[in-house]
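Data first, discussion second: the structure below is written as structure tokens.
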Amino acid sequence: MKCILVIAGSDSSGGAGIQADIKSAYKLKYHAMTVISALTAQNSLTVADIMPIPEEFISKQLHVVLEDILPDAVKIGMLFSTGAIKVVSDVLLKKKLSPVVLDPLVKASTGAMLLKQESILLIKTRLFPLVDVIIPNTYEAEFLSGIEIKNLQDVEKAALALHKTGVKQVIITGFCSEDKIVDVGYDGNDFFYVEDKRLLSAPHSHGSGCVYSTSLAIFLAEGYSLQHAASLAHEFTMNAIRKGYPLGKGSGPVCP
Ligand code: PXL
């Protein structure tokens, strides 16, 4: 059985985080190993609280799993604390794991910060250079690069700025212009674009970023090129958004 190591936070409403990662992996016939970095108390309207898992215990989860099982792919989601960033970076330095996809989460769609203020610099300097791909959405790309994104050229500028941190490859997802949505990839040499029609309505999209990053890691593990994997992950995620269902009073979960 092929397997993916997911390092991420738990979403008590079951829509995003580890729960979305497990569903995506299962759909793509991968077993998911789940190292939990933080617990969130949330529903479809709000993240009410976050409890970071102590770094010693994140480290223990990682070491015990990796001592026994070598993953075919790694996806890193919400890390939140500087301790989590340090522990994950240390493991990536010591173990040869690949492909490693990092979703540099900053904020939940409902507004709560998923990355502590003091973690922002550390994730860029310590973790970015150790992963294969980062997949910020447009907001995260602006936030992490300091470049305001108004048009496609700005997206490219932000991708180049983020690439300068030492990360090998960057995909900025979900840039919207008129009736189109574009994911912009930069593989270290060239740009590529995954273009699609914007959905007229996407009321239930909670967890879409998690579905994208987990499926991208799996498609890369299956041997597809970055561009091909990006287009398959885009398609997989759009389908999950189309099939999202109403649950709770806010945005319901996607359905991978
Ligand atoms: O969708 C981003 C995300 C990822 N991981 C966790 C989350 C959220 C959004 O709420 O709670 C744990």
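Structure values in brief
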quantity: Which listed pairs, of Lys157/Lys180; Lys150/Lys180; Lys29/Lys60; Lys23/Lys168, have C-alpha distances above 24 Å, in listed order; calculated: Lys29/Lys60; Lys23/Lys168
quantity: D (Stokes-Einstein, µm²/s), Kirkwood Cα radius, the range 180-253, 1.306 mPa s at 10 °C; calculated: 121
quantity: Sum of side-chain charges, Ser231 neighbourhood, beta-carbon under 11 Å (Lys, Arg +1; Asp, Glu -1); calculated: -4
quantity: Debye equation applied to the C-alpha atoms of the range 156-210, log10 I(q)/I(0) at 0.17, 0.24, 0.29 Å⁻¹; calculated: -0.62, -0.95, -1.13
quantity: Rel. contact order, % - alpha carbon contacts under 8 angstrom, at least six apart, the range 15-126; calculated: 24
quantity: Over the range 101-256: Kirkwood hydrodynamic radius from C-alpha pairwise inverse distances, Å; calculated: 15.8
quantity: Estimated inter-spin distance, Ala161 and Ser12, nm [label 7 Å along Cα→Cβ]; calculated: 3.6
quantity: Only Lys, Arg (+1) and Asp, Glu (-1) charged, at Cβ; the range 3-242 dipole about Cα centre in debye; calculated: 240
quantity: The chain: relative contact order in percent, alpha carbon pairs under 8 Å with at least 6 residues between; calculated: 18
quantity: Under the Karplus curve 6.51 cos²θ - 1.76 cosθ + 1.60, θ = phi - 60°, whole-Hz ³J(HN,Hα) for the range 232-244, x wherever Gly or Pro sits; calculated: 5, 5, 4, 4, 4, 6, 4, 5, 5, 5, 4, 8, x
quantity: The range 109-182 shape via C-alpha gyration tensor axes, a/c threshold 1.5; calculated: oblate
quantity: Rounded to whole Å, sorted largest first: equivalent-ellipsoid semi-axes of the range 27-169, Cα gyration tensor; calculated: 25, 20, 15
quantity: The range 3-242 - Rg and Dmax from Cα coordinates, angstrom; calculated: 16.3, 49
quantity: Paramagnetic reach from Ala112 in the range 19-43 [backbone N under 13 Å; point 7 Å along Cα→Cβ]; calculated: 38-43
quantity: Residue (of Ile181, Ala217, Leu122) at the positive-pole extreme of the range 117-243, dipole from beta-carbon charges; calculated: Leu122
quantity: Gain in span if fully extended, Tyr193 to Lys29, counting 0.36 nm per residue against the direct Cα distance; calculated: 56.3 nm
quantity: Surface per residue (accessible, 1.4 Å probe) for the range 3-242, Å²; calculated: 44
quantity: Choice from Phe191, Phe219, Phe80 with maximal GNM fluctuation in the chain (Cα, 10 Å cutoff); calculated: Phe191
quantity: Reach of Lys164 by Cα under 15 Å, taken over aspartates and glutamates that are not fewer than 8 positions away in the same chain; calculated: Asp132, Glu142, Glu156, Asp187, Asp190
quantity: Helix-only [θ]222 nm of the chain, DSSP H runs n ≥ 4, -39500 (n - 2.57) each, per residue, nearest 500; calculated: -11000 deg cm²/dmol
quantity: Net charge, Asn137 excluded, C-beta distance under 12 Å - Lys, Arg +1, Asp, Glu -1; calculated: -3
quantity: Accessible carbon and sulfur surface of the range 3-242 relative to its total accessible area, %, 1.4 Å; calculated: 53
quantity: Simple Cβ-charge dipole of the range 36-128, Lys/Arg +1 and Asp/Glu -1, about Cα centre, in debye nearest 20; calculated: 300
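The values are calculated or read from the model by the stated rules, or taken from the named source; none is laboratory data. Keep in mind the model is a prediction, meaning the values are calculated, not measured. Ideal geometry is used to build each Cβ from the backbone, glycine not excepted, and the neighbour counts take in all protein chains shown. These accessible areas exclude ligands, DNA and RNA; they are computed on the full protein's heavy atoms, side chains included. Shrake-Rupley method; radii C 1.70, N 1.55, O 1.52, S 1.80 Å.
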